[in-house]
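Let me begin by presenting the structure, written as structure tokens, before commenting on it.
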Amino acid sequence: MKTKLTITVAGILVIATAFKINFQETPKPWPVPEKNAKMANPVKSDGESLKTGKEVWAKHCQSCHGKAGKGDGSKAAQLKTAVGDFTSADTQKQSDGALFYKTSEGRDDMPSFKKKIPDEEEIWAVVNYIRTLKK
């Protein structure tokens, strides 16, 4: 009887996991204009910019993207669109210009940060900080 119950519970967990995986939203493509994607980061990735980037991240990004950038922030579950894992190879292979553009412009649940972070150097510092978020 106990074995049958264990097998049944295990089966339910497998089905529930498969259901969750199959119905998670796949991020839609986020095209970046070529001129923006090719922009070079003018802020050197050094101790100062990483400190600034981390501070700005904690204030503006962490609530959705999580402390370590895995998309598990306290507000992530409330969003309609997938937050994304910044430690993933897909994020890390994007150009600095693309990350800057997406942070500045936003889309859907991701707000534009042009007004919230008007100092472009701070956004570039966040891009530098994102580069430290690796698996």
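What follows is calculated from the coordinates using simple rules that are stated; it is not laboratory data. Remember, predicted model here, so these are calculated numbers, not experimental data. Here the Cβ is made from the backbone with ideal geometry for all residues, glycine too, and neighbour counts use every protein chain on show.
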With label points built 7 Å along Cα→Cβ from the Cα atoms of D109 and S74, find their separation and express it in nm. 1.7 nm
Once both labels are modelled 7 Å past Cα along the beta-carbon direction, what's the K67-T81 spacing in nm? 2.7 nm
Which entries in K44/K115; K28/K102; K54/K75 show an alpha-carbon gap greater than 21 Å? K44/K115
For segment 101-126 and segment 38-97, what is the separation of their Cα centres, given in Å? 11 Å
For the ranges 54-66, 87-99, 103-115, what's the packing order if you count other beta-carbon atoms within 10 Å of each residue, average per peptide, and put the highest first? 54-66, 87-99, 103-115
